[in-house]
Amino acid sequence: MIRLLLGLVKGALIGGALGFGAYHLGLVGGWGYVVFGLVGFAVGLFVGRPLWSHLLDKESTIWTSILKGLFGFGVGAGLFALVRNVAGDPQIAFGVDELTGAVSSLPHLLGAAIGAVYGAWVEVDDAPAKKSA
């Protein structure tokens, strides 16, 4: 349960930060697939067993994190496609002009949500094996 919450928080922070950067760079609309693909890629690299832990462990390989990142790119772009095309790009309003509009035009919120979902899954999946006595 702790790993699930940890993955949710780490994924939401990474996704929200990348989405916030994309929002302020003006990468909304047609850039969504790339932006949220990069969110999934970054979450795959840094959540669960992060990239640098493979560099420190001689028995492990760095390709595990790279494959999680590449798969995460597809997950992020796919979740964006589901929200935009299948769910009809729902409108949300929080009463603040910066937080009102279609979900796809608010990458800091959608990035945090996508990062949290994929981060929780990666964190639980990458749980360390229990050592036997």
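No value in this document is a laboratory result; all are computed from the given coordinates. As the structure is a prediction and not an experimental result, all values here were calculated from the model. Reconstructed Cβ throughout: ideal geometry from the backbone, glycine too, with neighbour counts over all protein chains shown.
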For segment 53-116, alpha-carbon Rg over 2.2 N^0.38 Å | 1.56
Pair-distance profile P(r), taking every C-alpha pair of the chain, with 5 angstrom steps and integer % = 2, 12, 20, 21, 17, 12, 7, 4, 3, 1, 1, 0
For segment 21-96, the percent of all C-alpha pairs falling in each 10 Å bin, from 0 up to the bin holding the max distance, is 19, 36, 28, 13, 4, 0
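Suppose a student asked you for the relative contact order of the chain, using Cα pairs under 8 Å spaced at least 6 residues apart; what percent would you report?
Once normalised by length, the contact order is 44 percent.
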Among the chymotrypsin sites (Phe, Trp or Tyr not before Pro) within segment 45-133, which fall in a DSSP loop and have no more than 10 other Cβ atoms within 10 Å of their own Cβ?
-> F94
Gained length - I2 relative to V86, 0.36 nm times residue gap less alpha-carbon distance = 27.0 nm
